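Presented below is the structure to which this report refers.
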Amino acid sequence: MKKKMILPMTAMLTGMILAGCQAEEKPREDSAVREEGSMEEPEAENDPVTLRIYGQYSDADTREPMDYAIEELKKEMPWVTLEMDIEAQDNGEKLKTYAATGDMPDIFNSNYDQINTFIKSGDIAVLNDYLEETGYLELIQESNKDLLYHPDGNAYAFPFAGNEFVLMYYNKELFEQYGLREPETFDDLLTAVRTFNEAGITPISIFAQEGWVTAAMYDEIATKYIPEGIKGLDLGTTDIAEEGYLKAAVKLKELVDAGAFAKGAAGMNYDQAASLFYEEKAAMFISGQWFISDADSNLPDKVDWFYFPVTDDGGEYHFAMSGGGNPGGYAVSASTPDKRLAANVAAFVSRKIAEYKYVERANTVVAIKVDRDFNTEVTPMIEKLSQEIPNFTSTSAFSWGIGNAKFKAVLEEQTQAMIAGNLEPEELIDLLKASLQ
């Protein structure tokens, strides 16, 4: 089956480029080139321009999206030539050398750490003034808006990869066999847990040996009370004293007391937990959206995912998701002669890379809305995810993205203790509070 995301963007990009970059009858008086005085303004804005772009181009997964973006750019801005500077797999050292020697590319692929480095050194341009012009404010998925803005409130890159998500998977055939429906309320979930326990089937398989997934289990519940979840605690935008964090711990304890997790779950690794699910000895499984392909391969047509239910009405924040990512994407050098042109090109390239990944690879985890069909057959879970992502209102964080190392360590260790049945909700909150002081 093929899926189209019904999210219009039609002539938006053409309009933005015509507004920002095409030739006019006379040179524009507010040109970024004229304002900065770093080079003479060309006789016409469509005079040939070469921009150096530093990006990934090492295998099919990176070459093909970039080739597509470059070909599309030729159609839209034929006067712009991109000079490809292939990104080294060196943890950003080559880019740092460019910055130190004053040889920054006009446009460069950047991750969160690099953005932080170049904010301090002044080598990255602030893109706030170009967000509307490039269309990114309208294009960005609601749940990915945090990828557009750095915590300091500024935009430094146009993201193409979207936030990743924690999902609760379930075996549809097992649920049907035992007369259960997809959980829509917390009572539904508890009923399923008790039913499978009585049948000798592990209700929820979890590889709790890895602290990130136990943190995600807690965050999956917490985001339904406080959308920022554990990310809010890390950034200091929420307070552990807020009632929702305790409520989430109480709900997790209810699941533990009902026997939701296998005995010894705290020592179970991914392969062991996944095998339980694949062998249909477990009815549910928690992991990221990347697990969809493995589930489809091992249990074809038997698996689906559901929103984690907290209250009888689904919770106030039904579409607030656990998961996350960090700002990143194609950025613009602070020293490029024409920041406006570079920003328009960077936005175009990022958009087209995302479009290619969505259309040709059926990758639904892209930062922007794509109004195109998949060019390949997709499974029902991918189909469902493509339909639901536009409804996601926010995304929290994976614990590996948490900057407060003390908080991260306590969060992972103590949620593992909760899954093992060795910690009370109030104790979890007290320990998290101490780690944040």
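In table form, for the structure just shown:
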{"read-out": "Matching entry among 331, 417, 343 (being assigned to a strand (DSSP E or B), small (Gly, Ala, Ser) and either open to solvent by less than 40 Å² (accessible area, probe 1.4 Å) or over 18 Å from residue 235 (Cβ atoms) (or both))", "value": "331"}
{"read-out": "Lone qualifier among 294, 304 - being assigned to a helix (DSSP H, G or I) and in contact with a Phe, Trp or Tyr (Cβ under 9 Å, 6 or more places away or on another chain)", "value": "294"}
{"read-out": "Residue satisfying all of: in the range 365-375; open to solvent by 50 Å² or more (accessible area, probe 1.4 Å) and out of contact with any Phe, Trp or Tyr (no Cβ under 8 Å at 6 or more places or on another chain); nearest to residue 162 (Cα to Cα) among these", "value": "369"}
{"read-out": "From the options 393, 415, residue that is under 24 Å from residue 254 (Cα atoms) and β-branched (Val, Ile, Thr)", "value": "415"}
{"read-out": "Of residues in the range 30-80 being open to solvent by less than 50 Å² (accessible area, probe 1.4 Å) and among the aromatic types (Phe, Trp, Tyr), the one modelled with the highest pLDDT", "value": "54"}
{"read-out": "Residue in the range 117-137 that is least open to solvent (accessible area, probe 1.4 Å), counting only those that are among the hydrophobic types (A, V, I, L, M, F, W, C) and without any contact (Cβ under 8 Å) to a residue 60 or more places away in the chain", "value": "131"}
{"read-out": "Count of residues meeting criterion [in a strand (DSSP E or B) and either over 25 Å from residue 61 (Cβ atoms) or of a type in the set (S, T, N, Q) (or both)] in the range 92-111", "value": "2"}
{"read-out": "Options 114, 89: the member that is of a type in the set (S, T, N, Q), farther than 15 Å from residue 329 by Cα and either open to solvent by 40 Å² or more (accessible area, probe 1.4 Å) or in a helix (DSSP H, G or I) (or both)", "value": "89"}
{"read-out": "Qualifying residues in the range 155-202 (those that are in contact with a helix residue (DSSP H, G or I) (Cβ under 6 Å, 6 or more places away or on another chain) and farther than 26 Å from residue 298 by Cβ) - the one most open to solvent (accessible area, probe 1.4 Å)", "value": "160"}
{"read-out": "Verdict on residue 412 being within 18 Å of residue 291 (Cβ to Cβ), part of a helix (DSSP H, G or I) and under 24 Å from the mean Cα position of the chain (by Cα)", "value": "no"}
{"read-out": "Lone qualifier among 291, 308, 285, 277 - being within 15 Å of residue 170 (Cα to Cα), touching a strand residue (DSSP E or B) at 6+ places or on another chain (Cβ under 7 Å) and modelled with pLDDT under 95", "value": "308"}
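The values are calculated or read from the model by the stated rules, or taken from the named source; none is laboratory data. For clarity, every value in this text was computed on a predicted model and none was experimentally measured. For neighbour counting, all protein chains shown are included, and Cβ atoms are generated from backbone atoms with ideal geometry for every residue, glycine included. When the accessible area is computed, the model is the full protein with side chains, heavy atoms only, and any ligands, DNA or RNA have been set aside. Shrake-Rupley method; radii C 1.70, N 1.55, O 1.52, S 1.80 Å.
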